[in-house]
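Inspection log for the structure reproduced underneath, given as structure tokens.
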Amino acid sequence: SDKSSIVSFGEMLIDFVPTVSGVSLAEAPGFLKAPGGAPANVAIAVSRLGSKASFIGKLGDDEFGHMLADILKQNGVSGDGILFDQGARTALAFVTLRADGEREFMFYRNPSADMLLTPEELNLDLIRSAKVFHYGSISLIVEPCRSAHLKAMEVAKESGALLSYDPNLRLPLWPSADEARKQILSIWDKADIIKVSDVELEFLTGSNKIDDETAMKLWRPNLTLLLITLGEKGSMYYTKYFHGSVDAFHVNTVDTTGAGDSFVGALLCKIVEDPTILENESKLREVLKFANACGAITTTKKGAIPALPTEAEVLALING
Ligand code: ADP
């Protein structure tokens, strides 16, 4: 059968971003469409690097939903896991970085199609074909997609996939910060690989010191790899056997959207190619260098999907 290496589960949506920077949503003279959603970005990152990827999620049977499905297909991501909801619309977000430095969000989610994915609708054969099953988005927040999320994780685990989790905390979507923390940590020990940002590390541990002691608060005995991404400071890694950090690349950053997804996509590709990197520190450091380069390149262009690199671009940055 046609096996998928990496199956990514969750939401795909369109961010509407003001045509000029530093304004509030109300002041925006116009908006540009930026397709995204962290799990979809990861699937496209994997595909652009040359590995097989599938995306599982639900879209509205509307103009935006079909646009997003086309983007996945154009990027070589298998559409076998895409569903269209006949009633609800595709999720939309309006996002701006205001002049005062605060991010402002407004969402169309009442409810959007992605939230209505049910456990019965899941393509179980596709999930069973995964070598790595990646997830992590707001699909934990509400039913029925929460049950679908938990079932998909269980099926993937039973069939021997590595589970990869990125909480992708988007706090404005949760009923409360406490609820977000509780739900995110409730599935923590089910994952084999977890990637958090420095902001998520602080949110989940309550400590603003980025060091080994804080990172170890997120460690669980059955974890294989814990990663903490630090933007222009690179990334930190923890396994049962070793831990350390790998520096970032210096680039001309214009928009950091999607850097974390690019980093994760690169890492997962390399794990599928050679699972022994999880037990070999020098191999893992090489892979994280590659993943840091992917993240760095993604910050040099506007938007997430258009900025995800090919392997040739990554090697060009690494080999200077
Ligand atoms: P997230 O998008 O999840 O917050 P980061 O912003 O930390 O994740 O980015 C992921 C990785 O991308 C980082 O570990 C780093 O290697 C790279 N990266 C991100 N921002 C920059 C930057 N400004 N310069 C160079 N590399 C970056």
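Read-outs throughout are calculated quantities, based only on the coordinates presented, and are distinct from any laboratory measurement. Everything numeric in this text was worked out from a predicted model, so none of it was measured. Note: ideal-geometry Cβ built from the backbone for every residue, glycine included; neighbour counts use all protein chains shown.
Results, tabulated for the structure shown:
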| item | result |
| --- | --- |
| Distance cut-off 15 Å, percentage of C-alpha pairs in segment 189-265 lying past it | 56 |
| Fewest-first ranking of Tyr108, Tyr135, Tyr165, Tyr241, using other Cβ atoms within 10 Å as the exposure measure | Tyr241, Tyr108, Tyr165, Tyr135 |
| Mean Cα-pair separation over length for the chain, i.e. relative contact order, pairs under 8 Å, 6 or more apart, % | 16 |
| Stokes-Einstein D for segment 123-196, Kirkwood Rh over Cα pairs, 25 °C, 0.890 mPa s (µm²/s) | 194 |
| Segment 205-306: radius of gyration over Cα atoms, expressed as a fraction of 2.2 N^0.38 Å | 1.08 |
| Distance histogram in 10 Å bins (all Cα pairs of segment 55-210, percent per bin) | 10, 34, 38, 16, 2 |
| Members of Lys195/Lys302; Lys233/Lys283; Lys209/Lys233; Lys157/Lys283; Lys195/Lys289; Lys58/Lys270 lying beyond 18 Å, as alpha-carbon distances in this model show | Lys195/Lys302; Lys233/Lys283; Lys157/Lys283; Lys58/Lys270 |
| Percent RCO, i.e. relative contact order, over segment 155-273, from Cα pairs under 8 Å lying at least 6 residues apart | 17 |
| ³J(HN,Hα), Karplus 6.51/-1.76/1.60, whole Hz, each residue of segment 68-76, x for Gly, Pro | 5, 4, 5, 4, 4, 4, 4, 9, x |
| Rounded FRET efficiency, nearest 0.05, which uses the C-beta distance separating Gln74 from Ser207 and R0 of 56 Å | 0.85 |
| Residue-by-residue Karplus 3J(HN,Hα) for segment 57-65, coefficients 6.51, -1.76, 1.60, Hz, glycine and proline x | x, 10, 10, x, 7, 9, 4, 5, x |
| Normalised alpha carbon radius of gyration of segment 1-76 [divisor 2.2 N^0.38 Å] | 1.29 |
| Projected label distance in nm at Leu315 and Trp188, using a 7 Å step from Cα toward the beta-carbon | 4.0 |
| For segment 69-102 and segment 120-191, distance of Cα centres in Å | 18 |
| Inter-label distance, nm, simple model (7 Å from Cα along the C-beta direction), His250/Val20 | 3.4 |
| Per residue convex hull volume, Cα atoms of the chain, in Å³ | 131 |
| Per-residue HN-Hα couplings for segment 273-282 [Karplus 6.51, -1.76, 1.60; θ = phi - 60°; Hz; x = Gly/Pro] | 5, 8, x, 5, 4, 6, 10, 10, 4, 5 |
